[in-house]
Amino acid sequence: MVIGDGAEWIWNLVAEHFPEAIQIVDLYHARQHLWEVARQLYPHEEVKQKAWMRVHQKRLLDKGKIEKLVGVLRSIVTANPQMAEKICTEADYFERNAERMRYPKFRRQHLFIGSGVIEAGCKTVIGSRLKQSGMFWTVRGANAILALRCTHLNGRFEEAPVRNKRIFMAGHPGVIARNRPKSVTMFGANGPDFVRIHAMQRNVRAQEDREAGLLHFPRDIPLKMNYLERRLET
């Protein structure tokens, strides 16, 4: 199953790489297109816009009656050429994606009809790991760490290669496995420990770290880490 916003290039890629996949236009993107029509018909009249949407969204779009919706859009007559062009464009959009908007059918198959879950998953799995403050990644390093992160979140981390595990653990919050600081102080015997790493200079593994994508600094800038405090999970 592939969910997209209706852009033609998405479906071209799907046809090339996943020809057997069920294609679904994200319901909320489709609703946005319908809202564009409502705004064209009733500019600056929010009450009328909402009234028009209640009929055409709930009775037609949400119920997968796309042919009827297209018929309604094509029957709209206006003397405004810009409005006519916009409505025609939206009618073409719905007509072109009709089979991807059979939302009741998809619901009966227990399929997602919105991309929100996917977008949230991308934020949780990718964004929260790769977009932390000061992070820069090589493509190779980002792909490597994400592959391991996926195995970790899927409960399959033990299947990962040993060397890759070391790389992953080095970049995992609360774990220190690669760099060897000049001094380490641990305190808090009864609770979660804190580790203070004091001013680490470039070490023999800095280049390897960069190649792995863990730390990507310009070559002429020494690797320095001033006082970091990390909580180790007990």
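Read-outs: derived from the displayed coordinates by stated rules, not from any lab. Remember, it's a predicted structure, so these values are computed and weren't measured experimentally. Counting neighbours? That spans all protein chains shown, and the Cβs are built from the backbone with ideal geometry, glycine included.
Here are the numbers for this structure:
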{"quantity": "Student exercise, the stretch 2-108 dipole from Lys, Arg, Asp, Glu Cβ charges, in Debye to nearest 20", "calculated": "740 debye"}
{"quantity": "Long-range amide H partners of ILE22 with built H, under 5 Å", "calculated": "VAL2"}
{"quantity": "Fewest-first sequence of TYR42, TYR93, TYR28 by Cβ atoms within 10 Å of each Cβ", "calculated": "TYR28, TYR42, TYR93"}
{"quantity": "Residue-by-residue Karplus 3J(HN,Hα) for the stretch 132-140, coefficients 6.51, -1.76, 1.60, Hz, glycine and proline x", "calculated": "6, 4, x, 7, 9, 10, 7, 4, 4"}
{"quantity": "Karplus-derived HN-Hα couplings along the stretch 16-30 (A = 6.51, B = -1.76, C = 1.60, θ = phi - 60°), whole Hz, x at Gly and Pro", "calculated": "6, 9, 9, x, 8, 6, 6, 9, 9, 7, 3, 4, 6, 5, 4"}
{"quantity": "Alpha carbon centroid spacing (whole Å) that separates the stretch 99-130 from the stretch 3-52", "calculated": "15 Å"}
{"quantity": "Relative contact order for the stretch 28-158, counting Cα pairs under 8 Å that sit 6 or more residues apart, in percent", "calculated": "19 percent"}
{"quantity": "Spread of Cα-to-Cα distances over 10 Å intervals beginning at zero, given as percent, for the stretch 2-108", "calculated": "14, 45, 30, 10, 1"}
{"quantity": "HN-Hα J in Hz across the stretch 123-131 - Karplus 6.51, -1.76, 1.60, θ = phi - 60°, x for Gly and Pro", "calculated": "5, 6, 7, 9, x, 5, 9, 9, 10"}
{"quantity": "Sorted by Cβ density within 10 Å, fewest first, the residues LYS131, LYS105", "calculated": "LYS131, LYS105"}
{"quantity": "Overall Cα dimensions of the stretch 77-150 - principal axes, largest extent first, Å", "calculated": "55, 35, 19"}
